[in-house]
Amino acid sequence: MSKPPTFQFGGVDDDDGYYYTGQTPFRKPNESKLRFHARRLISIQTLARLEYNAEVAETKFNRSLGSFELTLVGLGAVVGTGVYVLLGTAARTQAGPAVTISFILGGIISGIAALSYAEMASMIPISGSAYTYAYATLGELAAWIISWNLILEYMVGAATVSIGWSSYFVAFVWDAFGYEISDTWTRAPIDWTSEGFRFTKDKFNTPAFCILLTVTFTIYFGIHLTAKINNILVMFKILVLIIMIFALIPFIKTENYHPYIVPKNITTGDFGATGVLQGASTVFFAYIGFDSISTTAQEAREPQVSLPIGILSTLGISAVIYVSLSAVIVGVANFESLHERYPLVAVVRLTKMKWLMVLTDVGALAATTSVILVLLIAQPRVFYSMSNDGLIPRFFSKIHPKHKIPHLGTLFTGIVCAICGGLLPIGVLSDMASLGTILTFFVVNIGVIILRYTRKTVPRRFKVPGGTTFLSTRPFLLPGIGAASSILLIQGAKPEVIIRLLVWVGIGIVIYLFYGRRHS
């Protein structure tokens, strides 16, 4: 193993762009406490330090994932609750038949973010995803805020998907065996209304709790076994969605597409172009997950090549499926009649084809299981990177000697997710996860722009494409559009969701000030 790089405090960048110098992490003579702590908030982690971390981790992880496996990991995370559950919510309450436009808008913004992620991953192939990228470009405080929002994407996202899994499990039992499971033990005891949180008569979402614990203990036995299970689940669910699309086409009624963009209600302010934007903010959750590929960088073979391929392939395949499926679903059933808990199964039931109903249920269970699997893989690896930097307790960076995974972080993530999945409603969780991820994408786009100017000579196996001389001389263009689009989606979100996100970020900053900053 190579020796750690030598840092020269107060100097300038080396010509090769790898070893550049940072300011001293210690308090300077005659420096005030306020200035010292303010300087630490914007201190970046050098690329040399990141490179050294990768070399140290080389002996701890198994590099067993190629481009194909990484694409399936991405599809495992992406194709799930977003289309199986949130399609109904977005179409019925926000966008109407124009939910297809919402999916397209979400796909475009995700596509630009995917290009930025691919460039970052080829340049900094280290687990940690957007957290690591923010630390290398914007500083420690920004990295902490991003990592805090990644908890929304991965941990809260997994809990959200488990609630969708529970709904489809209930539907499967009914369609296959004609038995109706009581809502008492399949719904959360807490609900969210316009007036705030309230308690319901339900006890606990038991299926959501159980699937999260089952997946957690599966992941515990190593990435190789987990990847094999994920490959099977992903190929099956993609096949089911393709069969469903073609089977439903004969049942499309063109009148269900009119009006395509529902006129805005002056009294309530619902629908219209604003509704399409709100729908895009909601279904954006359907694209969440492709970035989880970058958290497996230290378990990937040739990460500078395989990570960009996996990220871009995942997004392209999932976007085609989403737009096609949403167009068919709102054509078969009027958007006002779509079921909010399991819209695809409800629409398939209109066809009276029992085989397709059962197949859809099983496909939904496979899809949501694979999403949970990948999200619960991703979060402990972000914790691992944060723990290495001292921002959270050291036990999160402990690697199991046999299974080669961050085992304590995996167990912690799974148990917390299981409790959230059993107690909290899907609406609160999914909206916060979507908004937190949009903010993360904004930072990654900005990070690409910064590194294009500050680290020009660092090798990149992939660059955000320009296409023409005009674009190639302005590397901020596409990432800038992606960042601006992210802000547009945030603006289109409901005010109460933005407030909850700000409260969440505020809690994270308090934890950083009292723990992370002191131990970094």
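What ³J(HN,Hα) values, in whole Hz, does the Karplus curve 6.51 cos²θ - 1.76 cosθ + 1.60 give for region 156-163 when θ = phi - 60°, with x put for Gly and Pro?
Per-residue couplings from phi come out as 5, x, 5, 5, 4, 5, 5, 5 Hz.
With no solvent and one point per C-alpha, what does the Debye sum give as log10 I(q)/I(0) for region 228-308 at q = 0.25 Å⁻¹?
-1.18
Would you mind listing how long region 67-114 runs along its three principal axes, going by Cα atoms, in whole Å with the largest first?
Its Cα atoms span 38, 22, 11 Å along the three principal axes.
Calculate for the chain the 222 nm mean residue ellipticity that helices alone would give, adding -39,500 (n - 2.57) per DSSP H run of length 4 or more and normalising by residue count, nearest 500 deg cm²/dmol.
The helix-only estimate for the chain comes to -20000 deg cm²/dmol at 222 nm.
Just to be sure I understand, if you calculate Kirkwood radius over Cα pairs in Å for this structure, which of [x] 23.4; [y] 24.9; [z] 25.9 do you get?
[x]
Cα-Cα over 20 Å: which of Lys203/Lys354; Lys253/Lys352; Lys237/Lys494; Lys264/Lys494; Lys228/Lys404?
Lys203/Lys354; Lys237/Lys494, as the Cα separations exceed 20 Å there.
How much accessible area per residue does the chain have, counting only protein heavy atoms and a probe of 1.4 Å, in square angstrom?
41
How would you order 478-485, 254-261 from highest to lowest mean count of nearby Cβ atoms within 10 Å?
478-485, 254-261
Sort Phe290, Phe476 by heavy-atom solvent-accessible area, probe 1.4 angstrom, most to least.
Phe476, Phe290
Find the relative contact order for the chain and round it to a whole percent, using C-alpha pairs within less than 8 Å whose residues are 6+ positions apart.
29 percent.
Can you give the FRET efficiency to the nearest 0.05 for Tyr453 and Arg301, using r as the Cβ-Cβ distance and R₀ = 35 Å?
It comes out at approximately 0.65.
In nm, what is the difference between 0.36 nm times the number of residues separating Ile511 and His37 and their Cα-Cα distance?
Here the segment from Ile511 to His37 would lengthen by 169.1 nm.
Students often check this: by mean Cβ neighbours within 10 Å, which of 180-186, 39-45 ranks highest, and how do the rest follow?
Highest to lowest by the protection proxy: 39-45, 180-186.
I need the phi-derived Karplus couplings for region 101-118: 6.51 cos²θ - 1.76 cosθ + 1.60, θ = phi - 60°, integer Hz, Gly and Pro marked x.
5, 4, 5, 5, 4, x, x, 5, 5, 5, x, 5, 4, 5, 4, 5, 4, 5
In whole Hz and in residue order, list the ³J(HN,Hα) couplings for region 330-336 that follow from phi through the Karplus curve 6.51 cos²θ - 1.76 cosθ + 1.60, θ = phi - 60°; x for Gly and Pro.
Working through the residues one at a time gives 6, x, 6, 10, 4, 4, 5 Hz.
Using 1/(1 + (r/R0)^6) with R0 = 30 angstrom and r between the beta carbons of Phe204 and Tyr179, what's the FRET efficiency to the nearest 0.05?
In this case the efficiency is close to 0.95.
What residues qualify as long-range amide H neighbours of Ile190, i.e. H under 5 Å apart, gap of 5 or more or another chain, H built at 1.01 Å from N?
Here the answer is Thr200, since their amide H atoms fall under 5 Å of that of Ile190.
On the protein heavy atoms, probe 1.4 angstrom, tell me the percent of accessible surface of the chain carried by carbon and sulfur.
Heavy-atom surface of the chain belonging to carbon and sulfur, 1.4 Å probe: 67 percent.
How many angstrom separate the Cα center of region 400-460 from the Cα center of region 104-178?
Each part reduced to its Cα centre gives a spacing of 5 Å.
Assuming R0 = 25 Å, can you tell me the calculated FRET efficiency for the pair Leu350 and Leu423, based on Cβ-Cβ distance, to the nearest 0.05?
0.15
The values are calculated or read from the model by the stated rules, or taken from the named source; none is laboratory data. The structure displayed is predicted, hence computed values, not measured ones. Every residue, glycine as well, gets a Cβ built from its backbone with ideal geometry; the counts of neighbours run over all protein chains shown. For accessibility, only protein heavy atoms count, side chains too; no ligands or nucleic acids. Shrake-Rupley method; radii C 1.70, N 1.55, O 1.52, S 1.80 Å.
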